[in-house]
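Worksheet: the structure to be examined is printed underneath.
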Amino acid sequence: VDETEVLHLLQQGKLAGAAFDTFEFEPLTEKYPLVLYARDPKHNLLLTPHTAAASAPESRADDYAAIMAYLAATQP
């Protein structure tokens with residue numbers, strides 16, 4: 001996935017949201033463009049540190065349920 005293009009589409013409002021579990025450059029830094037953009041929950045950008053593949057299925061389901069509940073609660 002082209003991170004720059006996804007970020008551009010999010011900023012333009014042409015993409016409703018995105019989630020990344022791996023990144024072009026790692027480890028992420030505080031100034032990484034996706035990190036900066038994701039700081040505002042209204043931007044609907046979720047970043048996780050390789051947790052999608054590293055945790056047990058039950059744990060992932062709980063994590064995703066919590067994320068979805070959070071996103072639903074913060075939507076206008």
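Just one of the numbered conditions (1) exposed (fewer than 13 other Cβ atoms within 10 Å of the Cβ); (2) at pLDDT 90 or above is not true of Ala65: (2). Could you please give the count of residues in segment 10-28 that are under 14 Å from the mean Cα position of the chain (by Cα) and under 18 Å from Leu71 (Cβ atoms)? Total satisfying the criteria: 8.
The values are calculated or read from the model by the stated rules, or taken from the named source; none is laboratory data. Worth saying up front: this structure is predicted, and the values here are computed from it rather than measured. Cβ coordinates were reconstructed from backbone atoms using ideal geometry, including for glycine residues, and neighbour counts include every protein chain displayed.
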